[in-house]
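To keep things clear, I will list the structure first and then write my remarks on it.
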Amino acid sequence: MRVAAIIPAAGVGVRMQSQIPKPYLKLAGKPILAHTLEVFEAVKEVKEVTVVAHPDDLEYCREEVIAPQGFKKVLRLVPGGKERQDSVYHALKALQQEDDLDIILVHDGVRPFITPDQIRRVIKAARSHGGAILGLPAQDTLKRVNPQGKVIHTLDRKDIWQIQTPQGFQADLLWRAFVEAYSRNFYGTDEASLLEEMGQPVAVIPGDPWNLKITTPDDLELAEALLPWLRSRKT
C-alpha cells in the first residue's frame with residue numbers, strides 16, 4: 001500500500017501584500033514551497049506528491065520550483081480551483097485511478113517547517129482511525145466577538161484545538177467525503193471538516209508550535225529568523 005501527498009499551493013496570498021504569490025516568496029533564497037516539498041521528498045513512506053498551483057502559475061511552479069530542485073516524488077502538477085476544497089478535489093481526481101493508495105496526506109504548501117516525524121505520526125494515526133490531523137490545544141483565552149468589536153462571551157478553551165497540517169486520511173474515506181460534500185453543496189474549512197460532516201471521527205494528535213503557516217509579512221520575517229534553528233532540530 002502506498003502513501004500520496006497533496007500540496008495545495010494555489011493561494012494568491014492577499015494578506016502577504018505582495019504581487020508574488022506566497023508559495024513562491026523566497027525563504028533563505030528558495031521559494032517557500034520548495035522548502036515544504038523537500039521534507040516530503042525525504043520521507044520514505046511518502047511515495048508520490050501532487051502539487052496544486054494557481055492556473056496562472058503552473059509553468060512558473062514547474063520551472064522555478066520543481067525542476068530546479070529535481071524533486072523525484074512530484075509526479076504531477078494540477079491547476080487549483082476557486083476554493084481550497086476545489087483545489088484538493090482536482091488533485092484527488094488525478095489520483096482516483098491509483099487503486100494501491102491507502103493514505104492521502106494534505107499539507108499546506110506554505111508550512112515549510114513540518115518534520116518527517118510529524119508526517120509519519122499522521123500516517124500511522126490515519127491508518128488506525130480513518131482520519132488524523134495535527135493540532136495544538138488552545139493556550140490563550142478565547143472570546144466570541146460581534147461585528148462591532150464587542151465581546152459576546154468567553155469560550156471554554158479546554159476543548160479547543162488549533163489545527164495544522166498535514167491531515168491524513170484513508171483514501172476511500174477522503175474520496176467519499178468530498179463526493180458527499182459536493183452532493184450537499186457543503187464547503188468546509190479543511191479536509192477533516194468534510195469527514196466530520198458525514199459523521200466520520202477524526203483523531204487529533206499533538207502538533208508542533210513551530211509548524212508555522214506563512215501568510216503575512218511578519219510570518220515570513222519570523223520564518224527567516226527561525227530557519228537555521230528549526231532545520232537543525234532532530235527530525
Being of a type in the set (A, V, I, L, M, F, W, C) and either in a helix (DSSP H, G or I) or in contact with an Asp or Glu (Cβ under 6 Å, 6 or more places away or on another chain) (or both) is the filter here; which residues of the stretch 22-42 pass it? 32, 33, 34, 37, 39, 40, 42
Considering residues that are at pLDDT below 95, over 28 Å from residue 26 (Cβ atoms) and out of contact with any Lys or Arg (no Cβ under 9 Å at 6 or more places or on another chain), the number found within the stretch 82-137 is 3
Of 45, 83, which residue is over 28 Å from residue 218 (Cβ atoms) and in contact (Cβ under 8 Å) with a residue 24 or more places away in the chain? 45
In the stretch 109-117, is there at least one residue being part of a helix (DSSP H, G or I) and in contact (Cβ under 8 Å) with a residue 12 or more places away in the chain? yes
Scan the stretch 66-79 and give yes if some residue there is outside any strand (DSSP E or B) and either among the acidic types (Asp, Glu) or crowded, with 20+ Cβ neighbours inside 10 Å (or both), otherwise no. no
Looking at the stretch 182-199, which of its residues are free of Cβ contacts under 8 Å to residues at least 60 places away in the same chain, part of a helix (DSSP H, G or I) and touching a helix residue (DSSP H, G or I) at 6+ places or on another chain (Cβ under 8 Å)? 197
Could you run through the stretch 191-214 and say how many residues are surrounded by fewer than 17 Cβ atoms within 10 Å (Cβ to Cβ) and closer than 20 Å to residue 23 by Cα? 2
Which of the residues belonging to the stretch 127-138 are touching a residue at least 60 places away in the same chain (Cβ under 8 Å) and assigned to a helix (DSSP H, G or I)? 128, 129
Do the conditions hold for residue 181, that is, is it over 17 Å from the mean Cα position of the chain (by Cα), of a type in the set (Gly, Ala, Ser) and either within 25 Å of residue 46 (Cα to Cα) or modelled with pLDDT of 95 or more (or both)? yes
Could you check the stretch 112-130 and list, in sequence order, the residues that are within 14 Å of the chain's Cα centre (by Cα), buried (at least 24 other Cβ atoms within 10 Å of the Cβ) and farther than 11 Å from residue 43 by Cβ? 112
Residues to consider are 210, 229; find the one that is among the hydrophobic types (A, V, I, L, M, F, W, C) and outside any loop (DSSP other than H, G, I, E, B). 229
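The values are calculated or read from the model by the stated rules, or taken from the named source; none is laboratory data. Remember, predicted model here, so these are calculated numbers, not experimental data. Cβ coordinates were reconstructed from backbone atoms using ideal geometry, including for glycine residues, and neighbour counts include every protein chain displayed.
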